[in-house]
Every structure is written in structure tokens, then in C-alpha cells.
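This report concerns only the one structure given below.
The values are calculated or read from the model by the stated rules, or taken from the named source; none is laboratory data. These numbers were taken from a predicted model, which means no experiment stands behind them. Here the Cβ positions follow ideal geometry from the backbone for every residue, glycine too, while neighbour counts run over all protein chains shown.
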Amino acid sequence: MESKKFVRFSLSLFLLFFVNLTFSFAERTGYSKDEFIRRRNALMDQCQEGIIIFFGDSTGRRAGSNPGAYFRQDSDFYYFSGVEDVNAVLAMTPKTKEAFLFLPKLTAGQITSDGPNLLEDKNAKKKTGFADIFPLTYLDEFIARNGSRQGYVFFLQMAPREAFLSFARRSMLHYNDQVPIDIYRYNKLKERFPAFELKDMTSMIDSLRVIKSAEEIEILRKNGRISAEAVKQAMLATKTGVFEYEIEAAAMHVIIKNGARQAAFPPIVASGLNSCTLHYSQNSRKTEENDVVLMDFGAELDYLAMDITRTWPSSGKFSPEQREAYQIVLEVQKACIEAYRPGATVEEVQQHVAAVMKKKGLDARGQRGGFGHYVGMSVHDVGPRIIELKEGMVFAIEPGLYYPQKNFGIRIEDTVLITKNGCEVLTKDVPKEIDEIEKLMAGRK
């Protein structure tokens, strides 16, 4: 009798575990089904014919250089699908305004190991808004059947952006010069379906991702608050003699506790001379007296990044030299933010910065101001060079001064949203005025 009870209890636990693993679609995030449908329709409106194809990530939940990291879906694939299943393919037919998902048919063992995908969910089409969800083995037949109906055109993301740089670095050793996966897929489709014309839709995707929707803006606002609190707690965890990784841990605790699964990029906690290395990420040094700590940090919440940099004194008080440099960087950044509005150009922003610095009698030390980098699904997100600001753009502004001969660097960075009439600082809740920072540091336990 006891053994039967144990079997029933074990089965109940397994079923509970099985149900809780069904996170294939974006139910747990801040997005609605309609958000993904809107995005798909917007892309199909631009393409108008043929078959649009996106490939999801194939590495699985425990692959890659960081085996403990969470699985993260390919950004473009997730942007249009909301699906986190591994080895997925998304196809869209602009003429009929339909979207189809293709997934591997999992074995019972695979389901037990990693959980089910959407093929196992009888309500999947209703949840996702796809016209149909097919086994992955049907993909080539689907393409062959729809070529004549939709037009013999493939729309692909053929410019892999970040892949170009990593490929160039990797290929310095010729044993590592395998082509990027996007190029391999392009060649494979061309080989299998020679009648199709292949067109690049990268610029279309980027134009959609650059302007944030209402749902994205609400998630970014929430992420701004979470990430700001994380950096504030990192400040409070700082004192002479703590290690950089202890400061990082204080920030990571905040974002994970508040629903972000991971940082948007490797956190930078740079003390002393490390603060002059722009992308320092070892976070292993013990802080010393009279150091500044430069922290560049942000959470990833629902596939959207945040980017904040603050610089503060490990002892709680800036030295006169640190204070002077800090004030210059701060005034440049504040002047930039004042000038941000729809229609503003980099020249107009720089003119405003110059006028402010002259009025305040400050030497900008070469800092001119301008625009930073886009922020979105990546911390350095996709998009054309910013010529003119538009409502809905989100980017980071990060002026800095670096003095390696003096063992300190200063950078101040916020993520901003261009609104109808100006600019909203999404990361405003973390102190950046000198007096505010020193007051916060004075309250450390």
C-alpha cells in the first residue's frame, strides 16, 4: 500500500513538473499575443509577397560557453513569434497574411528531460495567433507547396550584424573560419530551392525594432526602475576592501528578485585603474582607498535590455580631482538630455552642449555630446545611424573622461526614451548628482 502511495505521489510531482515546464510562448512576459501579431503584420506589409523565414536558436538550454546560463531565443525570431522553443522555424506568407510555426516532434524522453514544446499544447494556435503549427519535418514540403502560390521569393535576415565582428575575430585562426550560421542557411536554401529569389529583409526588421511599441515601453520603464535600484544597492554595498564581484552580486540580487532572469550584458564593475578599461568584465579586484568604482549594468527583462553607468567613490567622498572631472561629464550628459526631442539632430545637440558648458564656465575637455547607441533587445541594439530623433526611439547616452595615469575614469550613462515632446530618462531613479551620491554613500551600514 505504501509503495502505491509513493508511486501516486511521484506521478503527481511529475505531472506538476511537466505542466510548469510549458513556457514555450510569451505568457509569462509583459507582452500580449496581439503584440506579436501586430509585428508580423507590419513586416508582411513591407514584403508583400513570397515566404518570410526566421530560424530560432538551436543551441538548447545548456549549450555554449556558459552552460549555466538560461536559454535565450534569437532576438529577431522572438520579436516576431514570442516563442522560446529550441530548433523552431517561423514562416510567413504576406499575400495571405498568415504565419506558421515549425517545431521538432519531441520524444517522450526529450519531454521528460527538457519539457514539451508547443506541438504538445492543444491550445497553442489560440494562444499564439499562428495559422498552424507543424512538425519541423514538414518545412521543406511547405515551401515547395507554397512557392507558386506565394511567389518564388524568400525573405531572409541575411546580414548577421554582430556575427560579422565575431566572425572576423574568430577567423584570425583559420581553424575557426566556419561561415556564420545565417550565411550557411542562405546557401542551403539556395541549393535546395534554386527557383527562389533570395531577398534581404534586415533593414525592414531594424526599422520596426527601432521604434518601441506601447507594450515595449511599459516593460522598459519597469526595467529602468529595477536596474536603477540594482545600481543603487551596488553603491550601498561598496566600501574600501570589498571585491568588485561583491558589488556585482548586490545588483544581481535585485534584478533576479524582481523578475529579470539575467543581466543584459556582462556586468562591468571597475575600480581604480580598471575604470579606464571600457569593457572590463573580470570584476575580481579588491577596492582600495581613494578608488572610484565605475559600474556599467542593466537587467534583461522580457527580452529588453537596460543600460546604466554610474561612477562613485569607494570611500564615500570624491577627491577634488575626481569631483572636477565628474562634474564635467555630468553637465555634458544633462545638456544632451535637455536637447533630446523628436526632430533633433546631432549638430543641434552638440550646439546646445557647447552653449551650456560656455555658460557654466566649464572646459568640456573634448566632450561634445550627441547620441549614443540604440537599446532594445540587445544593449547595443540594431538600427541605422541616428540622423534625427523620432518618437519611440530608445538609446543610451554615455559621456566619459578617462585618466589612466591618475588611476580613475568617469562615465555616466542613462537609457532614454524619445517622447512626443521631449525625452524621458528611464533610469532616473539612481543618483548621479555628486551630493546625492555622497549622501547615499554616507548612509551605508
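Things worth noting here:
- Enumeration of residues in region 250-281 that are assigned to a helix (DSSP H, G or I) and more than 17 Å from the chain's Cα centre (by Cα): ALA250, ALA251, HIS253, VAL254, LYS257, GLY272, LEU273, ASN274, SER275, CYS276
- Test: residue in region 109-130 that is in contact (Cβ under 8 Å) with a residue 12 or more places away in the chain and under 22 Å from LYS188 (Cα atoms): no
- Sole residue being among the basic types (Lys, Arg) and farther than 21 Å from TYR31 by Cβ, chosen from LYS126, LYS122: LYS122
- Residues considered: GLN367, GLN405. Of these, the only one that is of a type in the set (S, T, N, Q) and assigned to a helix (DSSP H, G or I) is GLN405.
- For region 99-117, filtering for residues that are surrounded by 17 or more Cβ atoms within 10 Å (Cβ to Cβ) and under 25 Å from ILE143 (Cα atoms) leaves 8.
- The residues on offer are PRO384, PRO399, PRO313, and the sole one that is within 21 Å of ASP429 (Cα to Cα) and either touching a Cys at 6+ places or on another chain (Cβ under 8 Å) or surrounded by fewer than 17 Cβ atoms within 10 Å (Cβ to Cβ) (or both) is PRO399.
- Single residue of ALA230, ALA195 found to be of a type in the set (A, V, I, L, M, F, W, C), farther than 20 Å from LYS390 by Cα and part of a loop (DSSP other than H, G, I, E, B): ALA195
- Among the conditions (1) under 19 Å from ALA263 (Cα atoms); (2) out of contact with any Lys or Arg (no Cβ under 8 Å at 6 or more places or on another chain), the only one that ILE386 does not satisfy is (1).
- Among the residues of region 234-264, those identified as crowded, with 18+ Cβ neighbours inside 10 Å and under 18 Å from GLY224 (Cβ atoms) are ALA234, MET235, ALA251, MET252, VAL254, ILE255, ALA260, ALA263, ALA264.
- Any chance THR427 is in a loop (DSSP other than H, G, I, E, B), of a type in the set (Ser, Thr, Tyr) and closer than 27 Å to GLU218 by Cα: yes
- All positions within region 353-381 that are of a type in the set (Asp, Glu) and buried (at least 20 other Cβ atoms within 10 Å of the Cβ): ASP381
- The residue pairs whose first member lies in region 223-245 and is more than 17 Å from SER281 (Cα to Cα), whose second member is small (Gly, Ala, Ser) and part of a helix (DSSP H, G or I), and whose beta carbons are closer than 8 Å, counting only pairs six or more residues apart or on different chains, are ALA230/ALA250; ALA230/ALA251; GLN233/ALA250; GLN233/ALA251; LEU236/ALA250; ALA237/ALA249; ALA237/ALA250.
- Per this entry, ILE205 is not counted among residues that are at pLDDT 95 or above, of a type outside the set (Asp, Glu) and either surrounded by fewer than 19 Cβ atoms within 10 Å (Cβ to Cβ) or within 18 Å of MET306 (Cβ to Cβ) (or both).
- Scanning region 390-402 for residues that are touching a helix residue (DSSP H, G or I) at 6+ places or on another chain (Cβ under 9 Å) and either part of a loop (DSSP other than H, G, I, E, B) or not small (Gly, Ala, Ser) (or both) yields LYS390, GLY392, MET393, VAL394, ILE397, GLU398, PRO399, LEU401, TYR402.
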